[in-house]
1. Taking the range 13-54 as the search range and keeping residues that are of a type in the set (Val, Ile, Thr) and under 16 Å from the mean Cα position of the chain (by Cα), which one is most open to solvent (accessible area, probe 1.4 Å)?
2. With the requirement that a residue be under 17 Å from Asp143 (Cβ atoms), touching a strand residue (DSSP E or B) at 6+ places or on another chain (Cβ under 8 Å) and open to solvent by less than 30 Å² (accessible area, probe 1.4 Å), what does the range 56-70 give you?
3. Being touching a Lys or Arg at 6+ places or on another chain (Cβ under 9 Å), at pLDDT 90 or above and surrounded by fewer than 20 Cβ atoms within 10 Å (Cβ to Cβ) is the filter here; which residues of the range 107-157 pass it?
4. Could you tell me how many of the residues in the range 78-106 are under 25 Å from Asn49 (Cα atoms) and either open to solvent by less than 20 Å² (accessible area, probe 1.4 Å) or not in a loop (DSSP other than H, G, I, E, B) (or both)?
Amino acid sequence: MLNLSKLEAGQMELDAEPVPLISEVQRVAEELQPKAREKEIDLRLETENAWAEADEGGVQIIARNLLSNAIKYTEADGTVWVRSYRADGRAVLEVEDTGIGMAPEAVDDLFEPFRQASEGFSREYEGTGVGLAVTKRAAEEMDGSVDVDTEEGEGSRFTVRLPTAGGGEASENGERTP
C-alpha cells in the first residue's frame, strides 16, 4: 500500500536507465520459486535479451506483483510462465498462468485499488488488492502499459510493455556488451 500511496502522490521517483529484463525476471523468479514449489506449481522462465529504459526497482515491483499473483491464483500441478523479450520496439515482461482466470467483466476494475478476483467475506485468497494497481501505476510512470488476457477457469496472461533501452546487446546473464 505504501508503494501505491507514494506513486499516486508523486513521491516515488522512478528513474529511467537501461535495465536488463532477463536479470530482473530471474531474480524475482528465484525469490518466489520456494512458494511455487510449495504449491507444486511448475515455474518456467522463457527469457530473451531485452533491455528496458526503466527503473530497476519499478521493474522488480511489477515482476514481483505479477508473479506472486500468478502463483497465488494457480492451483497445484499448474504452470506459470515468466517471459521477457522484445516486440514491436518495446521491451516486454509477460507473466502467464493456468490459474483460475477471471470473467471478462472483471477486467474493467482489475487495476483499481483493493479489488481482487474473489471479494467479500467468503473470499478465497488473501491479500490487500493493491498489487495490480501498483503494477499499472509503476508501468505508466515508466512510459509503459499493462494488458491482460484472461478467461475464467483457463488462466491469465499479463503483458507489460516498456520503452526499449538503446544501444548494446545483452549476454545470456544480462550483462551489457557494446
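The values are calculated or read from the model by the stated rules, or taken from the named source; none is laboratory data. In this text the structure is predicted, and so the values were computed from the model without any measurement. Positions of Cβ are generated from backbone atoms using ideal geometry, with glycine treated the same way; all protein chains shown enter the neighbour counts. Just the protein is used for accessible areas: all its heavy atoms, side chains included, with ligands, DNA and RNA removed. Shrake-Rupley method; radii C 1.70, N 1.55, O 1.52, S 1.80 Å.
1. Step one: list which residues in the range 13-54 are of a type in the set (Val, Ile, Thr), which gives 19, 22, 25, 28, 41, 47.
Narrowing the set further to residues that are under 16 Å from the mean Cα position of the chain (by Cα) leaves 19, 22, 25, 28, 47.
On the way: Val19: 2, Ile22: 6, Val25: 5, Val28: 2, Thr47: 46 Å².
Only one residue fits best here, namely Thr47.
2. The initial filter retains those residues of the range 56-70 that are under 17 Å from Asp143 (Cβ atoms), namely 56-59, 61-62.
With touching a strand residue (DSSP E or B) at 6+ places or on another chain (Cβ under 8 Å) added as a condition, the list becomes 56, 59, 62.
Those that are under 17 Å from Asp143 (Cβ atoms), touching a strand residue (DSSP E or B) at 6+ places or on another chain (Cβ under 8 Å) and open to solvent by less than 30 Å² (accessible area, probe 1.4 Å): Val59, Ile62.
3. Correct list: Ser145, Asp147, Val148, Asp149.
4. The number of residues fulfilling the criteria is 17.
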